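> Structure provided below as structure tokens; questions to follow.
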Amino acid sequence: MAAKPKRYSIFSLARNALSYHQGWQRAWRDPDPKSDYEVVIVGGGGHGLATAYYLARECGIRDVAVVEKGWLGGGNTGRNTTIVRSNYLWNESAGLYEHAMKLWEGMSSDLNYNVMFSQRGLLHLAHSVHDMQEIGRRGNAIYLNGIDSEFVTPEQVREMVPFINLDCRYPIHGALLQRRGGTARHDAVAWGYARAADNLGVDIIQNCEVTGFQIEDNTIRGVETTRGRIGAGKVGCVVAGHCSVLAEMAGFRLPVESFPLQALVSEPVKPIIDCVVMSGAIHAYISQSDKGELVIGAGSDAYVSYSQHGGFDTIEHTVGPIVELYPIFSRLKMLRQWGGVVDVTVDRSPLISKTPVNNLFFNCGWGTGGFKATPGSGHVFAHSIKNGNMHPIAEPFSINRFNAGALIDEGAAAAVAH
Amino acid sequence: MKKQVNRLEHNARLNRRKSIRFWFDNRVYEGYEGDTLASALLANDVHLVGRSFKYHRPRGIYTAGSEEPNALVQLEEKAYTEPNRRATEVELYEGLIAHSQNCWPSRRFDLGAVNSWFSRILPAGFYYKTFMWPASFWMTYEKYIRKAAGLGHSPTEPDPHFYDKTYTHCDVLVIGGGPAGIEAAIAAGQTGCRVILADEKSEFGGMLLSENILINGMPCHDWVDNRIDRLKAMSNVVLLNRTTVTGYYDYNFLVANQRVSEHLGPRISVNSPKERLWKIRTKQVVMATGAIERPLVFADNDRPGIMLASAIRSYINRYSTLPGKNCVILTNNDSAYHAALDIADEGGQVGIIDIRTNPNGAMVESAVSRGIWILANNAITGVGYSRGRLRYIEAMELSDDGLKVVGTKQRMLCDLVGVSGGWNPTVHLFSQSKGKLRFDENHHCFLADQPSPNNPAVLAGSCRATWFPKECMREGHEAGCEAAKCAGFDAFPETDEIKTVQLEYAPQRPLWILPGSHPIGQGRTKHFHELHNDATIGDIQLAVREGYESVEHLKRYTTTGMGTDQGKTSNLNALAALSEIRSLPIPDLGVTTFRPPYTPLTMGSIVGHDCGELFLQIRKTPMHPWHDQAHAVYEDVGDWKRPRYFPLGNETMHAAVQRECRQVRQSGGLLDASTLGKIDLQGRDTRRLLNMLYTNAWDKLQIGRCRYGLMLNEHGMVFDDGVTTRIGEDHYHMTTTTGGAARVMSWIEEWLQTEWPELEVYATSVTEQWAVASLNGPNAAAVLQELTDIPLDEESFPFMSMREGKVAGIPARVFRISFTGELSYEINVPARHGLVLWEQLTETGRKYDICPYGTESMHVLRAEKGFIIVGQDTDGTVTPMDLGMGWLVSRKKQDFLGKRSFDRTDTSRSGRKQLVGLLTENPEFVLPEGAHVVSELKASPPMDMLGHITSSYMSPNVGRSIAMALLKDGFNLKGQTLDVPLMNGTSQRVNVTDPSFLTD
Amino acid sequence: MFLIKCPWCGYRDQTEFSAQGEAHIVRPEDPYQLDEEQWGDYLFFRKNPKGIHHERWVHSHGCRRWFNVIRDTATDHIHATYRPDEPIPELSSEETSKPA
């Protein structure tokens, strides 16, 4: 086990400056895999690392390996638009995302790693009577679930976002505001969890791809990897876009399809937009990073692809609404666009579930919005793995809901037009 | 105005007859047509142009092209302003205004430079380690961090310019108009195929414009002009200068951005597009994208006056500017010797510090023969900088392994340093096309390896490490022939004999990170591998020390390559440093994927004309002009503009809606229902299709009769509803919701084509073919009777039937169906007659006190009768039974879409959410839609929710407020009194009822 | 930005088409023969393979016909397109070999 790493603080920073920062330790070790672990987590993204961290910290299970085929945080954790919110309609979702929100609020000090969680407020714009009904319903549900929720008028929207074009093609009727919503630094989340988990004894094994599962008597015994077999009492798969590939190895299918999702950033500019603004109706999601880049989320394409590329038409359909809503951004430039693979379920809610194989658990299907759930997802998944029974918050998100028809349909509720 | 002290005698590519005045940081300067802002500033001896991103260090001009990491300026002011423009790309025009960025109060005296003093506690990733205490203070810290970051300023006014967009096809797209690209275009053009040649610069010629060699006996600039003239004479060749190919997508789809008019200045060019986005689908691509010089990294290598050696050549040969008097070239290779020779040719003082132990060969000999001094096996270990200018350099001898310096320090006066670490082929677009790269040990750079099968591109010239003009031209010619052939053009283009200087280079020394007098990362100097984001070799060391050792972690932890230059001059040196620190060869480190765009792409250009009025189509009904005249207030429903209400005078919406609703039931009202989806269904199997699409049975519907139906998805959930009418034996007219029209059409087509191709049904969307006026109310028959020949008596025209005839002289289908519960006729006429029909109906209706009404009243009127609106009272999780409409579900039919799902555990359970009516105890209070009914009222949330209010109105006809709600086990709650807590802390008592409030 | 060969119209830009998910999922002749799990499988569970994928597209901004595409989801390489009434084209072993 690693020597107790030094805490991060302004004092340690100043002290290390004297030695030109030669004294810093590795944030996490680079161990070789042991032959057996009590729990193996497949996937070193935010959710997987958070799972390992909570297993070690809260569940007393420190004999844990996180195996990652590339470098940790390299999947959707490093590709998303960093938005955090918990303003979901259904009780099940609100429970899950608000659980995450509360963990976000203490995360930096909990991990001793500044994840730059910034509750700069998040606006959901309503562009029609139907939109107003949708946010009306959602806003009230959020409120009655004990989560912060406010309606604001177009004038209040303008006060928060002075350059917005209220009178755009679909004029803004109002907005739903979650003041506790905001953004966090996505890479820091992965690194912070990795460092903290490592500190508790978790082995983080990078460049280690799972190539198969060892299953006996319908019970998981271990994983085959590019770095050899690793025995495991329990296995949790948290691999986002590639969950179907792993499910196939384990012999079952998932109610998931993997779609390309793109995002883009502008060149960095001085602060111009403070809160996060989302418009589902014309599809414009924007925030400004601390570096000054406008971070803009695109919609997913509707075909299965693992190529991490998407079409330019999607970029056109993303930037169009941004300029319609913020005409002042027309002269700014798109600096970089990129693609990821998102695992999408029919009801746009995740799967946190047991599987047909005993002691094999899956946590996937987060679609376009997994980042915000990272701590909550890892937390309830860790407890579920430890107990062998799903955590009450995770319970409704089982794979079986699709057979029974008990969908948690965030998509249908928001998207149906009339 | 000061003289352009660094201007040379020859004209180069400048128009010396046209001098141009421009302003930089409020001082006026002069340049010439053909200058860039950078070349004009250098001609005026301005080296300091801005401050760096993090430490606010003074920065100058580092390159002469789009790879510029340093010289970013705020171009123009007010609405015309643009942040972060590379001075090396901005063409000079009369009256240009630019400001330095990231400095206050001025670039010479910048308070932000305080960061530089604290730079020791601000290494890479410092923010991850601090600002955590107290937790609530992060956002306070963050405010200052945000202010300090961000470079230039966004405009704060709408863009006065417009942008164009065009879509084109060609056989061969040649990217890059240097020697290879020009020859490729000529060769391909000769075969007769459609060629586009695109180059990011204002002029074609590429590196030849920075050269001074002779080709076939003529100066290379003249040679370029000749070749371009030749291309201009080919009608099948399109020449796009000032056009950057920014993105390479699958199946040879490329995006190029043409800067159409900005070189004329923003005020002149408002009448022509600022930029034009080309979306090009080409059969073949020739990449002649050239190469970018690789810097050497040494102590304080970021000072103004230090630039790429090739940039010095460009400023001399293209822009007639020698940016210094006393120059030193620092190099690990032969190519930079040309810069020294050029400087000497122009009479500048120049020497070469060559880090190779024993440089020799033809290039060395020519330098020596010109009296240029060469200091071998030495490195620059420090620079002197003050008051905007470089003053001196210090050099020391390198150890054998190149990791240390030894001996004594020499100080040399010097105001310009040209650095060269060899060349980096520009393979960004190749990588974007999903092509695989490999690291080439000979050339020490990444080269194209395997193209993607979707995008077979040919490369030519220095982008594949072919360095000399003659070979580049030959390769270009061959690539042009090859591409044309692959595109199906088999002619053999003639080869032109090319005579030019034959060059040969000695090997370079594979060393890019030069040691300083202190270990790197220590002492007071900084080794910047990444100028744009202020990332140093010390940062890389720290990252590796802390375990951020994969390339991807490094990139994120140190921000290397994340600037607006996307690391064009820094990525490989970061890899080299990482390779050295980790003792791993570069190929084992991997390379990050290059992402579009190649250079930043203006958002306005991506949008083109698709903004403002053209953002998304606005659909209007044929009656729209009448609504306009009646001062209708519109509602957006999908793409449609529908009248929401028709205010009289200063009437509020509430007043107008109350009046309209009352009037419809008292005398009558007229609704424009043209937006309803309409699908014409014909064919002998149409009835079978309807039986599968709808929950109810369609076998017994007579010709001329109408029937209401609910449509479900396969999950058993309601997704549309409407009335379908049997027009003839095998002919039906289906209506859908306004928003669902396209979805239902696709739904029908899907099933017909994929599952039931044996069914003979022809489905045609006729939404826009019919204009529909819905005439409602007790006087409806009287009004219609005046205008139609159709008998309207109950017997000949009963409820839920359709009759054809003439209305106002127009052939019409009249449906006696009702969404208000009143006597109602939906009059359908060909769309072109819609306005006339409407005018006649309103005119005739006047004496019967008929008013026009909008969607808001429509909603109230239908709610009074308990009629649902799909999408408002349903949400994709609601079955017909949940709506209390189980009577619409046929028990006899074996199957219809969605039926099987009814029997699933969750769908068949009791206690699902069900549609009910709600009446507030206070009849004046209108519940907000979306408010929730709770099982038990508590002082504050959380509270258990039973469900939400889907519709809620003040009903003038019921004489009180009414509402509908979807409540858990709602049918069993009828008769109970429950609470609705509101977000303002108050609550309302409600009685649960049937969702029908107005009984006949 | 695929270039897709519509079996009726020839090669067209991807923007003219809409993707419609996995192909060859046949609606059960008698849904009531399926138990809840089988019905759930039909409705929601998909192969979602990384590699060769048979999928449905519709030429929505063209002839509005549905057809099938064989595409490698790892590389986005389109191997074949075919009409719903045509047999599934056979790919060479080289084409179907899984990407590395």
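> Using a 1.4 Å probe on protein heavy atoms, which residues of region A:323-369 have at least 40 Å² less accessible area in the complex than alone?
So the qualifying set is A:Glu324, A:Ile328, A:Ser330, A:Arg331, A:Leu332, A:Lys333, A:Met334, A:Leu335, A:Arg336, A:Gln337, A:Val346.
> Grab the other residues whose beta carbon is less than 12 angstrom from that of B:Asn226, score K and R as +1, D and E as -1, and report the net. It would help to have the intermediate numbers written out before the result.
Numbers: positive: B:Arg227, B:Arg230, B:Lys232; negative: B:Asp222, B:Asp225, B:Asp229, B:Asp496.
For residues surrounding B:Asn226, the net value is -1.
> What distance in nm separates the simple spin-label points at A:Asn218 and B:His609, each placed 7 Å from Cα in the Cβ direction?
6.4 nm
> Okay, next question. Using a 1.4 Å probe on the protein heavy atoms only, what accessible surface does A:Asp131 show? Give it in Å² to the nearest 10.
Surface accessible to solvent at A:Asp131 totals approximately 30 Å².
> Kindly compute the accessible surface that chains C and B hide from a 1.4 Å probe when together, both sides summed, and give it to the nearest 100 Å². Before the final figure, lay out each step's value.
Working: alone 7250 and 42700 Å², together 47450 Å².
Summed over both sides, the interface buries about 2500 Å².
> Pairs of alpha-carbon atoms within less than 8 angstrom and 6+ residues apart define the contacts here; what relative contact order does chain A have, in percent?
Working: 959 pairs, mean separation 92.3, N = 418.
Once normalised by length, the contact order is 22 percent.
> When a/c reaches 1.5 or more, the comparison of a/b and b/c decides; with that in mind, is region B:146-240 rounded, prolate or oblate per its Cα gyration tensor? Could the numbers behind the result be given before it?
Details: a/c = 3.07, a/b = 1.60, b/c = 1.92.
Here region B:146-240 falls in the oblate category.
> Out of all DSSP beta bridges with both ends in the protein assembly as shown, state the antiparallel percent to the nearest 5. List each step's numbers first, then the result.
Working: 204 of 274 bridges.
Beta bridges within the protein assembly as shown, antiparallel portion: roughly 75 percent.
> Next question. For a quick check of understanding: with a 1.4 angstrom probe and all protein chains in place, what accessible area in square angstrom does B:Phe162 have, to the nearest ten?
B:Phe162 exposes around 80 Å² with every protein chain in place.
> Which value, in Å², gives the accessible area per residue of region B:1-155 when a 1.4 Å probe is used on the protein heavy atoms?
Details: 6240 Å² over 155 residues.
Spelled out: the 1.4 Å probe surface of region B:1-155, per residue, equals 40 Å².
> While we're here: In what sequence, largest accessible area first, do B:Glu921, B:Glu635 appear using a 1.4 Å probe? Walk me through the intermediate numbers first.
Values: B:Glu921 105, B:Glu635 10 Å².
Heavy-atom accessible area, descending, gives B:Glu921, B:Glu635.
> Taking each residue in A:284-297, count the Cβ atoms of any other chain within 10 Å of its Cβ, then average. What number comes out?
Working: counts 0, 0, 0, 0, 4, 3, 8, 10, 11, 4, 2, 0, 1, 0.
What the average comes to for A:284-297 is 3.
> Follow-up question, since we're still on this one. By the scheme Lys and Arg +1, Asp and Glu -1, what is the net charge of all other residues having a beta-carbon under 10 Å from that of A:Asp409?
Its environment carries a net charge of -2.
> Can you give me the solvent accessible area of B:Trp373 with a 1.4 Å probe, rounded to the nearest 10 Å²?
Surface open to solvent at B:Trp373 totals about 110 Å².
> To the nearest 0.05, what FRET efficiency results for B:Ser202 and B:Asp164 with a Förster distance of 22 Å applied to their C-beta separation? Walk me through the numbers before you get to the answer.
Working: r = 19 Å, r/R0 = 0.85.
Computed FRET efficiency for B:Ser202 and B:Asp164: 0.75.
> Additional query: Which parts of region B:245-282 would a label at A:Asp313 reach, counting a residue when its backbone N lies under 15 Å from a point 7 Å out along Cα-to-Cβ?
Under 15 Å, as judged by backbone N against the label point of A:Asp313, lie B:249-254, B:279-281 of region B:245-282.
> Could I ask something else about it? Could you order A:Ile408, A:Ile393 so the one with the most accessible surface comes first? Probe is 1.4 Å.
On the way: A:Ile408 5, A:Ile393 40 Å².
Solvent-accessible surface, decreasing: A:Ile393, A:Ile408.
> Let me know the Rg and Dmax you get for region A:272-363 when you use only its Cα atoms, in Å.
For region A:272-363, the Cα radius of gyration and maximum Cα-Cα distance read 16.9, 56 Å.
> Working out 0.36 nm times the residue gap between B:Arg27 and B:Met139, then minus their Cα-Cα distance, what length gain in nm do you get to one decimal? Display every interim value, and only then the final one.
Details: separation 112, 0.36 × 112 = 40.32 nm, distance 3.86 nm.
Fully extending the segment from B:Arg27 to B:Met139 adds 36.5 nm.
> Report, to the nearest whole %, how much of the accessible area of the protein assembly as shown belongs to carbon and sulfur atoms, 1.4 Å probe, protein only. List each step's numbers first, then the result.
Working: 26650 of 53400 Å².
That fraction is 50 percent.
> Using Cα atoms only, what is the angle between the long axis of helix B:138-148 and the major principal axis of chain B, expressed in degrees (0 to 90) to the nearest 10?
60 degrees
> When only alpha-carbon atoms count, how far does the protein assembly as shown stretch along each of its three principal axes, as whole angstroms with the largest first?
For the protein assembly as shown, the Cα extents along the three principal axes come out at 114, 75, 65 Å.
> Using Cα pairs closer than 8 Å and at least 6 residues apart in sequence, work out the relative contact order for chain B, in percent.
Details: 2363 pairs, mean separation 89.8, N = 1000.
Across chain B, relative contact order equals 9 percent.
> Please list, or write none, the lysines whose alpha carbon is within less than 23 Å of the alpha carbon of B:Lys641, excluding same-chain residues fewer than 8 places away.
Straight-distance partners of B:Lys641: B:Lys620, B:Lys678.
> Short version: which residues of region B:934-948 lose at least 10 Å² of accessible area, all chains versus chain alone, 1.4 Å probe?
Flagged in region B:934-948: B:Pro941, B:Pro942, B:Met943, B:Met945, B:His948.
> Could you sort out which of A:Lys291/B:Lys555; B:Lys129/B:Lys526; B:Lys404/B:Lys568; A:Lys372/B:Lys129; A:Lys291/B:Lys143; B:Lys18/B:Lys78 sit more than 18 Å apart by Cα distance in this structure?
On the way: A:Lys291/B:Lys555 15 Å; B:Lys129/B:Lys526 22 Å; B:Lys404/B:Lys568 27 Å; A:Lys372/B:Lys129 22 Å; A:Lys291/B:Lys143 11 Å; B:Lys18/B:Lys78 27 Å.
In this structure, B:Lys129/B:Lys526; B:Lys404/B:Lys568; A:Lys372/B:Lys129; B:Lys18/B:Lys78 exceed 18 Å between Cα atoms.
> OK, next. Which angle from 0 to 90°, rounded to the nearest 10, does the C-alpha axis of helix B:855-864 make with the longest principal axis of chain B?
Computed tilt is about 40 degrees.
> May I ask you to rank B:Arg904, B:Arg595, C:Arg65 by accessible area, largest first, using a 1.4 Å probe over the protein chains only? It would help to have the intermediate numbers written out before the result.
Details: B:Arg904 5, B:Arg595 50, C:Arg65 105 Å².
So, going from the largest accessible area down, we get C:Arg65, B:Arg595, B:Arg904.
> Would you work out the relative contact order for region B:618-777, in percent, from Cα pairs under 8 angstrom that are 6 or more residues apart?
On the way: 261 pairs, mean separation 45.0, N = 160.
Contact order relative to length: 28 percent.
> Continuing with the same structure: Just to confirm a number: summing +1 for Lys and Arg and -1 for Asp and Glu over residues other than A:Ser128 whose beta-carbon lies under 10 angstrom from that of A:Ser128, what do you get?
Working: positive: none; negative: A:Asp131, A:Glu134, B:Glu635, B:Asp636.
Result for the local shell: -4.
> Helix-derived [θ] at 222 nm for the protein assembly as shown: sum -39500 (n - 2.57) over DSSP H runs of at least 4, divide by residue count, nearest 500? Write out the running numbers ahead of the final one.
Details: 38 runs with 349 residues, N = 1518.
It comes out at -6500 deg cm²/dmol, rounded to the nearest 500.
> Here's another thing I want to ask about it. Please compute, for peptide B:606-618, the average count of beta-carbon atoms on other protein chains lying within 10 Å of each residue's beta-carbon.
Working: counts 14, 10, 4, 0, 7, 12, 6, 1, 2, 9, 6, 1, 1.
Partner Cβ neighbours, averaged per residue: 6.
> Between B:Met234 and B:Met412, 0.36 nm times their residue separation minus their Cα-Cα distance comes to what?
Result: 58.7 nm gained on full extension.
> What are the extents of the Cα atoms of region B:612-747 along their three principal axes, listed from largest to smallest and rounded to whole Å?
Principal-axis extents of region B:612-747 (Cα, largest first): 53, 42, 29 Å.
The values are calculated or read from the model by the stated rules, or taken from the named source; none is laboratory data. Keep in mind the model is a prediction, meaning the values are calculated, not measured. Heads up, the Cβs are rebuilt from the backbone with ideal geometry, glycines too, and the neighbour counts pull from every protein chain shown. Protein only, heavy atoms only, side chains kept; ligands, DNA and RNA dropped before computing areas. Shrake-Rupley method; radii C 1.70, N 1.55, O 1.52, S 1.80 Å.
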